[in-house]
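Note sheet for the following structure.
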Amino acid sequence: MPQEPMAATLGRAAAVGPFFSVRTHAGAPRDQGFLPLAELYREGGSPALRNRLETVATRLGTAERRVAASLVHQGLAGRLWSIAFAPAVLAGRVPDLGGDALWWHPERSTPDELWLPAPSPLPSASEEDLTDRLRAAVLQSHLVPLQQAISAVSPISPRVLWGNAASALVGTLRVLHDWCRRTGHREAAERAVALTASLLDDAPLRDCGTLDPAVPEFSRRSCCLYYRVPGGGLCGDCVLRRTGR
């Protein structure tokens, strides 16, 4: 039987919550102030990325550029994992987010900041291949070049950024896992845990922390630096909780 359009799959995934939602209607994104997300990864750092870091630093009230860089990175990582991971778990399909397919608005907040005007799936995957499809859609198309771009405009450890990527993945897992259990999708909940474990078992996420699949929860080996924001604190998976700092 023919599969449903990718836009319909993404629409079903959006029921999980705002972080899992992405615009899918046709249109002219650039005319509305959107940029291809890939423009953020321009070699040497794009003006859009530099402006985003400055805006977030001002909003957070921090003079530390690396703190803003870390939190910008973690927020984008969470959105990217969410819109790719939920379709993989719920429908066995991963949207193609490569090239200039995915657009981003620097001034809008979730879920209005991402737009996929012509959604299409990556080639059909077996259950075993879903991990590779997710790596292609999120890690290779976005998180690897994003890490390089952010490192070019801010002094920040790659260990922090990859820890952010792993933490964002498990955050996505926990929200989706809870939703699946509440709505009777127990097989999908189990698939979500298995896919996450597989993604964390390979570079560059392998050494970022430890997943407890029974909960599920994550203990990372780095810190996102949120505690350095005025009024901030330690996240639930932060390494500093275990070191007593």
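The values are calculated or read from the model by the stated rules, or taken from the named source; none is laboratory data. Since the model is a prediction, treat every value here as computed from it, not as a measurement. Because the Cβ atoms are built from the backbone with ideal geometry, glycine has one as well, and the counts that use them run over all protein chains shown. Note: accessible area is taken over every heavy atom of the protein model, side chains too, but ligands, DNA and RNA are not part of it. Shrake-Rupley method; radii C 1.70, N 1.55, O 1.52, S 1.80 Å.
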> Can you give me the Cα centroid spacing of the range 13-32 and the range 192-245 in angstrom?
Replying inline: 28
> So how do 28-37, 188-197, 83-92 stack up, highest first, on mean other-Cβ count within 10 Å?
Replying inline: 83-92, 188-197, 28-37
>> Could you check the spin-label model distance between residue 148 and residue 51? Points 7 Å from the Cα along Cα→Cβ, value in nm.
In response: 2.4
>> If I ignore ligands, DNA and RNA and count only protein heavy atoms, how much of residue 187 is accessible to a 1.4 Å probe, in Å² to the nearest 10?
In response: 140
> Taking N as the number of residues in the range 1-159, what is its alpha-carbon radius of gyration divided by 2.2 N^0.38 Å?
Replying inline: 1.05
> Which value in nm describes the separation of the simple spin-label points at residue 210 and residue 181, placed 7 Å from the Cα toward the beta carbon?
Replying inline: 2.1
>> Given points 7 Å out from each Cα along the Cα-Cβ axis, report the residue 109 to residue 198 separation in nanometres with one decimal.
In response: 3.6
> Which of rounded, prolate, oblate describes the range 111-167, given a ≥ b ≥ c as roots of the alpha-carbon gyration tensor eigenvalues and a/c under 1.5 marking rounded, otherwise prolate only if a/b is larger than b/c?
Replying inline: oblate
>> Just to check, using Stokes-Einstein with a Kirkwood Rh over alpha carbon pairs, what's the diffusion coefficient of the range 1-89 at 10 °C and 1.306 mPa s in µm²/s?
In response: 104
>> Once the cut-off is 14 Å, how many percent of the Cα-Cα pairs in the range 152-218 end up in the long-distance tail?
In response: 57
> In a Debye calculation with equal point scatterers on the alpha-carbon sites of the range 32-82 and no solvent, what is log10 I(q)/I(0) at q = 0.18, 0.25, 0.29, 0.31 Å⁻¹?
Replying inline: -0.61, -1.06, -1.19, -1.21
>> Starting from the Kirkwood Rh over alpha-carbon pairs, what translational D in µm² s⁻¹ does the range 95-245 have by Stokes-Einstein at 20 °C and 1.002 mPa s?
In response: 126
>> Tell me the carbon and sulfur percent of the accessible area for the range 5-114, rounded to whole percent, probe radius 1.4 Å.
In response: 52
> Roughly how many Å² is the accessible area per residue of the range 55-199, as a whole number, for a 1.4 Å probe?
Replying inline: 38
